[in-house]
Structures are given as C-alpha cells and as structure tokens.
1. Classify region 331-378 as rounded, prolate or oblate from the Cα gyration tensor: take a ≥ b ≥ c as the square roots of its eigenvalues, call it rounded if a/c is under 1.5, otherwise prolate when a/b beats b/c and oblate if not.
2. If packing is taken as the average number of other Cβ atoms within 10 Å across a peptide's residues, how do 187-194, 418-425 rank, most packed first?
3. Sort 407-415, 363-371 by the packing proxy (mean of other Cβ within 10 Å over each peptide's residues), most packed first.
4. Considering Cα pairs under 8 angstrom that are at least six residues apart, work out the relative contact order of the chain and quote it in whole percent.
5. Classify region 91-238 from the C-alpha gyration tensor, please: rounded if a/c falls under 1.5, else prolate or oblate depending on whether a/b exceeds b/c.
6. What do you get for the angle between helix 218-227 and the principal long axis of the chain? Use alpha-carbon atoms, 0 to 90 degrees, nearest ten.
7. Mind checking the full-extension length gain between K185 and K127? Use 0.36 nm per residue of separation minus the Cα-Cα distance, one decimal, nm.
8. Which whole-number percentage describes the relative contact order of region 91-238, with Cα contacts under 8 Å and a sequence gap of 6 or more?
Amino acid sequence: MTQKTITRFAPSPTGYIHIGNVRSAIYPYLLAKQNHGDFVLRIEDTDRARYVDGATELIEDTLTWLGLDWDKGPQKPSQTHPSISYFQSERQQIYLNYAKKLLDQGRAYFDHTDQATLQSYRDDAAKKKQPFLYRNYRPDSLDTRWQNGVPLRFKSDPKLRHYHDEVFGDQDLKPETQDDIILLKADGMPTYNFAHIVDDAEMEITHLFRGQEYLPSMGNYLALYEALDLTPPKFIHLPHILGPTGNKKLSKRDGAKSVTDYRQEGILPEAMLNYLACLGWNDGTEDELYSKADLISKFKVDRIQHAGARFDEQKLLWLNGQWLRRLYAENPDQLFASSKAFWPENSQNQPEKQRQVFAIIYDRLKTFADLKTMTSYFFADPQVDLDQITNNKALKKLSEHEICSILRKAVEKLCKTSSWTPETLQNDLNHLLDETKLKPMQLFGLLRLSVSFAPFSPALHDTLAVLGRDTTIARLNAVLTAFARD
C-alpha cells in the first residue's frame with residue numbers, strides 16, 4: 001500500500017510573514033495536493049519571548065488569501081484524532097514523554113552549566129582556534145534525574161552520517177557537525193531542534209520542506225531520529241531567495257517587504273503565488289503564467305533548482321499586470337469587486353462610475369494601488385496646471401494662441417458629437433485631427449492633459465466617454481479661461 005503524502009508548513013508566530021516563509025508553504029502544499037494527500041499547518045510557538053500577538057491569525061489569513069487551504073491545523077482538527085493540537089505550546093507533554101525516553105536510554109542529561117562557565121568554554125575553544133562544541137566540555141558525571149527549571153541536553157554520538165536530500169542529493173555529515181544540543185529549555189519548552197522532529201513523527205509527515213539554512217544542523221537531526229528510533233521523512237531543502245543584486249540572501253536591508261505589504265499595495269494573490277512558486281522552480285518550459293491548478297499539476301521536486309533565486313520586484317509587478325488582464329477576461333465583476341479598497345476616497349459613493357473607469361483602465365494597471373493616482377480625475381475636477389501643457393514636449397512648439405484655438409475647435413466639435421460613445425468620439429476626434437493638421441500626440445495630448453492633468457490616462461475616446469459630455473466641455477473651457485487670465 002502506498003504511503004499517503006503528508007506535508008506541513010510550520011511557521012513561528014513572531015511577526016510578519018516574509019517571502020521565504022511563504023515559498024516554504026507553497027511547495028509542500030503543491031506536493032500534497034498533487035498526490036491527494038494532506039497539507040498540515042502547525043504553529044511553532046514555543047519561543048514565548050518572540051511571540052507576537054495576532055501573528056498566528058496573520059499566518060492563517062495569508063495562507064487563505066493565497067488559496068493555500070490546509071487540511072489539518074488550527075480551526076481544522078484531525079478527523080481521526082480530534083484532540084491533537086497543532087500549536088506546539090499545547091503539546092508540551094508529548095515532548096516531555098520523548099525526552100524521558102531519551103533519559104531512560106542514557107541519551108540525555110540535565111545541564112547545570114551557568115552562563116559564565118559556558119562563556120569560558122567558548123573562549124577556550126576560540127583560543128584553541130577550534131569550533132565550539134559543548135560535547136567537548138561534557139561533565140564526566142551526567143545528571144539524569146528528572147527535574148524542572150534546568151535545560152536538558154542530548155548526549156550525542158558523533159559519527160559519519162549519510163542522507164539523501166531531494167534537492168541537493170547525497171550528503172555526508174562529519175562527526176564535527178554533531179553536538180550535545182539542548183532539547184528542553186529551562187522553562188520546559190522544547191527547542192526547534194527537538195520539537196519539530198517529534199511533531200513530524202507524530203503527524204506522520206512524509207516530506208519535509210525547509211530552507212537550506214538548516215543543512216548544517218542535519219547531523220544533529222539525524223542523530224535524534226536514530227536515538228528515538230524514528231524513520232526520517234524525505235528532506236527537501238530549498239535554496240535561498242537572494243536579494244536584488246543576486247549575491248546575498250534577501251533581507252529587510254535590501255528593501256524586502258512582507259507578503260502583507262505586497263497585498264496592501266495591490267498585488268493579486270494569483271500573481272504572488274505564481275511568482276513565488278517559480279522563484280527557484282520551473283517546469284522546463286518557457287511558460288510564465290501558472291494558476292494554482294497549473295502548479296499542482298506540473299510541480300515536481302526534481303525541478304527545484306540548486307542555486308539561489310534572485311527576487312525581482314519588477315518581474316512580480318509585470319506578472320501582476322498579466323494576471324490583471326487574465327482575470328478580467330475570465331470574470332470582470334469578480335476582479336472589480338477585489339479592487340474595492342484601492343479606489344480614491346472621492347469615488348466611494350460612485351460604484352457605477354468606478355466600474356466604467358475600471359473597464360478602460362484595468363489593462364494599464366501594475367497593481368490595484370495604481371487606482372488612487374490613475375483615476376482620481378474621473379471623480380473630481382483636477383486643478384488646472386498650465387505649465388503641464390506649455391512644458392509638454394509635444395506642445396512646446398505651439399503658441400498659447402494656437403493652443404487656445406485648438407481647444408475652441410475641440411469644444412465646438414465635441415458639442416456637436418451626435419452620440420457620446422467611444423466609437424463616435426473616436427470618429428470625431430479623427431476628423432478634428434484632419435481639420436487641424438496636427439500630429440496625434442499634439443491634439444490628443446493637449447486634450448488628454450486638459451481633461452485630466454494626469455501623467456497617464458487611458459485612450460482619449462474612452463476617457464471622454466466615461467467623463468461625459470458636460471464634464472469634458474467644462475474642463476476644456478476651464479483651461480481656455482485659465483489661459484485668458486494668465
């Protein structure tokens with residue numbers, strides 16, 4: 001019988017969720033769904049000093065936003081074992097049971113070393129120009145009597161160990177990579193090094209995804225699996241996500257933002273999922289747009305690259321624009337509904353006008369956040385700024401008299417437009433172009449600036465159609481009046 005695939009995402013609720021965290025959730029999710037297995041969400045909250053209120057809810061909300069629905073975890077108890085908690089802080093007795101098993105086997109001991117003595121050991125190792133290994137200072141007589149308030153250490157058995165990583169291949173771990181690591185802290189809480197091994201075994205995790213920063217600790221982990229007589233899962237260590245320069249791991253110093261920041265800036269969940277999944281993985285084709293269903297179908301662990309992947313925010317923005325177009329084609333009403341929080345405040349009482357504007361501007365957006373700067377003139381008259389017209393590259397050669405003459409002709413033409421539709425407007429504008437003998441960038445540029453005074457607007461005939469006849473004529477006349485007063 002084939003073993004059911006069970007993967008997990010086990011973040012710590014210590015603050016915002018960064019890009020690397022989320023990619024560590026995407027790959028195990030894809031593998032589990034591809035194999036009709038389970039994706040487990042486990043909250044590793046034993047570091048109470050770094051615990052941040054609301055961080056767990058943020059984790060859950062982010063996964064839900066991305067469509068990474070977990071099968072077991074907070075709010076989704078196991079159907080077969082409903083009493084199982086997916087918060088490490090509520091699983092303390094389980095860790096104690098495993099710790100006692102190690103004590104009974106002589107593979108753990110309580111460490112009474114104070115901080116000053118511990119520092120002296122570090123100093124001694126540094127003086128000898130050796131890496132610090134606590135086992136080199138292990139007491140001759142080990143305290144194995146159960147007690148509270150004292151750290152519990154693993155009694156290592158250093159030796160050459162081997163394992164296979166699904167990304168990095170066969171690995172040899174030398175004895176010097178293995179030490180007497182702490183299993184339980186003085187407060188009785190387990191360390192990550194101990195707890196994740198116990199939890200993964202208890203939850204029957206078959207494939208373990210995590211960052212390559214854990215590779216140096218694999219010797220200790222394998223020693224613990226052996227001491228506890230546990231079968232290790234398959235290991236899939238993920239290469240670093242690199243900063244913009246490509247020569248170091250992405251960090252806050254490189255301007256790295258949280259997933260929440262990108263979400264608030266109008267990045268679509270489809271684009272974020274797509275981008276992060278392909279940040280270090282590809283299916284061997286030239287394709288760039290992948291839906292969640294595409295990713296579930298095409299994901300293969302052996303296509304995860306060995307080298308780090310450079311985070312390119314411009315590529316994310318490009319991909320977001322592609323998804324805006326795709327989703328509008330699939331369901332414009334749903335995409336419009338998703339944009340609600342990003343519109344200018346002065347538009348909130350004009351939902352139908354918003355919908356009209358969205359239809360002509362969606363394909364120019366990089367993110368939803370662009371809506372505030374790119375659409376405000378549709379909902380309120382812009383301030384007339386003649387400098388924008390007179391300093392415009394295409395209009396500089398025209399005198400103020402010529403500009404005003406063109407505007408008067410435009411007003412006259414548009415007042416006579418038979419039906420205020422994009423098609424009729426385009427036809428009349430083309431006739432006006434022929435009559436004035438101007439270049440398109442001069443005539444259309446002048447009219448575009450006069451009605452919007454914005455660095456960008458959609459196609460002129462679409463813009464005028466949404467603004468309406470009265471507003472368009474009023475704004476053109478406002479510019480004529482301003483020139484007369486200048």
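We did not get these values from a lab; they are worked out from the coordinates using the rules stated. As the structure is a prediction and not an experimental result, all values here were calculated from the model. In this analysis, Cβ positions are derived from the backbone assuming ideal geometry, glycine residues included, and neighbour counts consider all displayed protein chains.
1. Since a/c stays below 1.5, the shape of region 331-378 is classed as rounded.
2. Highest-to-lowest ranking by the protection proxy: 187-194, 418-425.
3. 363-371, 407-415
4. Value for the chain: 12 percent.
5. Here region 91-238 falls in the oblate category.
6. Long axis of 218-227 versus the principal axis of the chain: about 50 degrees.
7. 18.1 nm
8. 25 percent
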